[in-house]
Amino acid sequence: MATIVPRVFSGMQPTGNLHLGNYLGAMINWIHMQDTHECIYCVVDMHAITVWQDPKELRRAILDVTAAYLACGLDPRKSIIFNQSQVAEHAELAWILGCVARIGWLNRMTQFKEKAGKDKEAASVGLYTYPVLMAADIVGYRATHVPVGEDQKQHLELARDIANKFNLDYADAIKAAGFADGVFLVPPEPYITGPATRVMSLRDGTKKMSKSDPSDLSRLNLTDDADTIARKVRKAKTDTEPLPTAAEGLKGRPEADNLTGIYAALAGESVDKVLAQYGGGQFSVFKNALADLAVAKLGPVGEETKRLQADPAYVERVLREGSERARAIAAPIMRQAREIVGFIVS
Ligand code: TYM
């Protein structure tokens, strides 16, 4: 009889540099959870190729993102760190879950609509079924908690729906396999928390900070040096009013709201505390303080990332060892999944 153990799973795509949105929306929680939970952190290279990637660049990006994971403070002695494609169970389970998920469910995914753009017929099938692979990533480890930014909420709701439908569709076989409570696939809980679950562009407070924005000034990359970080913060768009003294005053002021949220998340303080200190004052004073804080927090991450990029053998070893540990968890679950759906497992 398998009991449900608390287990964290999350991942990031190796497509370009990690940025402040990835850091504040997800990574900060990943780091904290290492001390309280069993954690599995994945570099989702199979998701990356839903849009064509140059193979040489992809290989480099996988190592770079892993280096950034480590530089941010993920510790391979505490967490399992690996790349998705080394554990074939992800792809295998995704096939089964693709037979459980309904086309209507996928048609509602807003990220597919955004990423595919106007010509949906020309998007890859992989981009369309992307959330099914994401569901397999999570439920394939019977993970209970998934720390992510706000933009992944809909994908996680879909993962829950798929897990629940699988448990219903195969209820008798699941009971027969010894799951008395009927829960073979565990519906994961989204863990979306903190003052910066949706970090916005530094150039436009109504747009999400993203690696695909053509303007590099729109984001702080985790590899930016101190001068670049300070310059981007000082150039960040603001409005003409001073900062408000309480959080309600941020309504309708997307840039002020975003910068205050970023400060609060980086400092580990509440937005109200930040406004108690800087509210009523000029933006320039606040921006200088934010630039100093961002340099202090992100500067060392960039330095450490560069150091690790110069040691690819070490980074590859982390991925290899992580993959072995991940496979050891995923393989027996996959074996049960095969039996439950009625395949012959010899
Ligand atoms: P990805 O690579 O787009 O982003 C990685 C993480 O960063 C968060 N994030 C943000 N948070 C706040 N503000 C932003 N501007 C911002 N931009 C990105 C994302 O929410 C995410 O947590 N589909 C996922 C990867 C994935 C995954 C998984 C995640 C694949 N399988 C299983 C969790 C569990 C993605 O594309 O993330």
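Brief remarks on what is shown
- Among the conditions (1) within 12 Å of the ligand (Cβ to nearest atom); (2) open to solvent by 60 Å² or more (accessible area, probe 1.4 Å); (3) more than 26 Å from ALA61 (Cβ to Cβ), the only one that ARG198 does not satisfy is (3).
- Of the candidates ILE28, ILE103, the single residue that is surrounded by fewer than 24 Cβ atoms within 10 Å (Cβ to Cβ), away from the ligand (no atom under 16 Å from the Cβ) and among the hydrophobic types (A, V, I, L, M, F, W, C) is ILE103.
- Applying the set (1) hydrophobic (A, V, I, L, M, F, W, C); (2) out of contact with any helix residue (DSSP H, G or I) (no Cβ under 9 Å at 6 or more places or on another chain); (3) within 13 Å of the ligand (Cβ to nearest atom) to LEU18 leaves exactly one unmet item: (2).
- Hey, ASN22 open to solvent by 10 Å² or more (accessible area, probe 1.4 Å) and either touching a Phe, Trp or Tyr at 6+ places or on another chain (Cβ under 8 Å) or without any contact (Cβ under 8 Å) to a residue 24 or more places away in the chain (or both) or not: no
- Filtering the range 309-323 to residues that are in contact (Cβ under 8 Å) with a residue 12 or more places away in the chain and out of contact with any Phe, Trp or Tyr (no Cβ under 7 Å at 6 or more places or on another chain) leaves GLN309, PRO312, VAL315, GLU316, VAL318, ARG320, GLU321.
- Filtering the range 205-253 to residues that are open to solvent by 20 Å² or more (accessible area, probe 1.4 Å) and of a type in the set (S, T, N, Q) leaves THR206, SER210, SER212, SER215, THR223, THR228, THR238, THR240, THR245.
- Within the range 119-169, the residues that satisfy the criterion of being more than 8 Å from the ligand (Cβ to nearest atom), over 22 Å from THR193 (Cβ atoms), buried (at least 17 other Cβ atoms within 10 Å of the Cβ) and hydroxyl-bearing (Ser, Thr, Tyr) are TYR128, THR129.
- Test result for ALA180, assigned to a loop (DSSP other than H, G, I, E, B) and open to solvent by 20 Å² or more (accessible area, probe 1.4 Å): yes
- Lone qualifier among SER85, SER10 - being among the hydroxyl-bearing types (Ser, Thr, Tyr), open to solvent by 30 Å² or more (accessible area, probe 1.4 Å) and either touching a residue at least 12 places away in the same chain (Cβ under 8 Å) or more than 12 Å from the ligand (Cβ to nearest atom) (or both): SER85
- Some residue of the range 184-192 being near the ligand (Cβ under 10 Å from one of its atoms) and part of a helix (DSSP H, G or I): no
- Residue in the range 314-328 that is among the aromatic types (Phe, Trp, Tyr) and not in a loop (DSSP other than H, G, I, E, B) present: yes
The values are calculated or read from the model by the stated rules, or taken from the named source; none is laboratory data. All figures in this text were calculated on a predicted structure; none of them were measured in a lab. Heads up, the Cβs are rebuilt from the backbone with ideal geometry, glycines too, and the neighbour counts pull from every protein chain shown. Protein only, heavy atoms only, side chains kept; ligands, DNA and RNA dropped before computing areas. Shrake-Rupley method; radii C 1.70, N 1.55, O 1.52, S 1.80 Å.
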